[in-house]
Amino acid sequence: MNITIALALMALGIAGVMIVTAETEAPDVRSAGQTATVKAVEVAPMDVMQVQRQNYTQEIRISGFLQPARRVTLTARLSGTLAAVEADVGTTVRAGDVIARFETETLTLTLDKLVATTEAKAATLLRAKKDLERTRSLAATGGVAQAKLTEVETDAAVLKAELRALRAEEAEARRALDDAVVTAPFDGIVNTRGINPGQAVSINTELFEIVDIARLDMVALLPPQESAELSIGQMAEIEVEGLPKTSFSARLDRISPATVGTSRSLQVYLRLEQTVPGLRGGMFGHGTLRIGSHENILAVPMAAVAKEGEKAFVRTISDGVVRRQSIVLGNARVGEDLVEVRSGLKEGDRIITVPLADIATGTPVRIAGR
């Protein structure tokens, strides 16, 4: 191959293709008994593909960080002094385990006083009800005036309301005693602790954060154009940095309804189907999410497809020459570089997978090394 032709090919970006000179007889020249010089095309074996029907899985790359599927920050429900703190960062807890206690002496005294006051008020109301029954009987026979009956009814109603208020205060005091004992809401691990024994805290002070790492999510950001093909339940394979040679299956569990801030990315949550010791929130993971599958289809590299207006075609090798074959593309995009061919090709056809500019149908072609 001379230098001029080689430089021209390099400028065109035609990788793996070489044009050589070959003596062939053109049909219109053969009849006159003459020969014509025609430029032949030589292609590398890697640039030729035999089309086969296959099953393809459509995947997208994902990456993100792990976070516990459940986490809760426990806050103080009352003001008081901590008598004991029974859990620390890293402590494994079970649902219902006591992890802190407030001093309860004052709370107990308050409750006892309310109980006694409530009992006394209940006894007073009982006596008032009996007086009311007697007064009603007398009023029916004219023994007492209507005004007296009204007074007794009013006194009984006031006592009843006061008793109801005392019982509400008593219930609140009992709840305060319950809140003085801080328990774990679910099985998990203490992630943070913000208190110490003997510390006086006010209501809503953060006490602990507890996380459940038995169930982990990977939070990933995806381009919004991928959202149309996402659906709950799609599966992914994930690798986590720090745990080499270990792959985790994950299920698409939740999709954010809106993009995130100025990045316009879509946030998705994938639930890991299994966990192993060593997995922690905040670890970075990456992998592939399967968003579709295509069975028994023909697919060719997008680089092999040329377009002329709205029509698409590929260049095939048939009987030792290049032929331009019109095709109809399907809707399936297979991976990042393959596209479905709905019609125009059949199984076993050989196509050239690199662009060939200005190569006419009928140009001789040979595969290098063959």
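Values quoted throughout were computed directly from the atomic coordinates according to the rules given, and no laboratory measurement underlies them. Keep in mind that this is a model prediction, so the values were computed, not measured. Note that each Cβ is placed from the backbone with ideal geometry, even for glycine, and that neighbours are counted across all protein chains shown.
Some notes on this structure:
- Efficiency of FRET from Cβ geometry, residue 73 and residue 177, R₀ 25 Å, rounded to 0.05: 0.65
- Within the listed set 316, 92, 141, the Gaussian network model of the chain (springs between alpha-carbon atoms below 10 Å) gives the highest mean-square fluctuation for 141.
- Dividing the Cα radius of gyration of the stretch 50-112 by 2.2 N^0.38 Å, with N the residue count, gives 2.43.
- Under the Karplus curve 6.51 cos²θ - 1.76 cosθ + 1.60, θ = phi - 60°, whole-Hz ³J(HN,Hα) for the stretch 155-170, x wherever Gly or Pro sits: 4, 5, 5, 5, 4, 5, 5, 4, 5, 4, 5, 5, 5, 5, 5, 5
- Counting only DSSP beta bridges with both residues in the chain, the antiparallel share comes to about 95 percent.
- Residue 202 versus residue 65: modelled label distance in nm, points set 7 Å from Cα along the beta carbon direction: 3.1
- Fewest-first sequence of 367, 203, 238 by Cβ atoms within 10 Å of each Cβ: 203, 367, 238
- Largest GNM mean-square fluctuation among 184, 120, 87, using the chain with Cα springs under 10 Å: 120.
- A straight Cα-to-Cα reach below 20 Å connects residue 113 with the lysines 121, 160, residues fewer than 8 places away in its own chain not being considered.
- Residues whose amide H comes within less than 5 Å of that of residue 329, counting only those at least five positions distant or on another chain, are 342 (H built at 1.01 Å from N in the peptide plane).
- Where N is the number of residues in the stretch 73-193, Cα Rg divided by 2.2 N^0.38 Å: 1.76
- Cβ-Cβ FRET estimate between residue 55 and residue 161, R0 fixed at 51 Å, reported to 0.05: 0.10
- Counting only DSSP H runs of at least 4 residues, each contributing -39500 (n - 2.57), and dividing by the residue count of the chain, the helix-based mean residue ellipticity at 222 nm comes to -8000 deg cm²/dmol.
- Residues 313, 284, 102 arranged by fewest to most Cβ contacts within 10 Å: 284, 313, 102
- The stretch 189-268 versus the stretch 131-146: alpha-carbon centroid distance in Å: 72
- In the stretch 133-166, the trypsin sites (Lys or Arg not before Pro) that fall in loop regions by DSSP, at most 10 other Cβ within 10 Å: none
- For the stretch 182-243, applying the loop criterion from DSSP together with a ceiling of 12 other beta carbons within 10 Å to the GluC sites (Glu not before Pro) yields 241.
- For the stretch 256-323, taking the reciprocal of the average inverse distance between every pair of different Cα atoms yields a Kirkwood hydrodynamic radius of 18.2 Å.
- FRET efficiency, 1/(1 + (r/R0)^6) with R0 30 Å, evaluated for residue 187 and residue 103 via beta carbons: 0.60
- Under 5 Å between amide hydrogens, built in the peptide plane, is the criterion, and for residue 216 it picks out 69, 272 among residues at least 5 positions away or on other chains.
- Taking the longest Cα principal axis of the chain as reference, the axis of helix 3-12 is set at about 30 degrees.
- Altogether, the Stokes-Einstein calculation at 4 °C and 1.567 mPa s, with the Kirkwood radius of the chain over Cα pairs as Rh, returns a diffusion coefficient of 44 µm²/s.
- Just checking the listed ones, 212, 112, 88: in the Gaussian network model of the chain with Cα springs under 10 Å, the one fluctuating most is 112.
- Helix 105-141 axis, angle to the chain major axis (alpha carbon atoms, nearest 10°): 60
- Here is the list for the stretch 298-370: GluC sites (Glu not before Pro) lying in DSSP coil, each with at most 12 other C-beta atoms within 10 angstrom of its C-beta, are 310, 336, 347.
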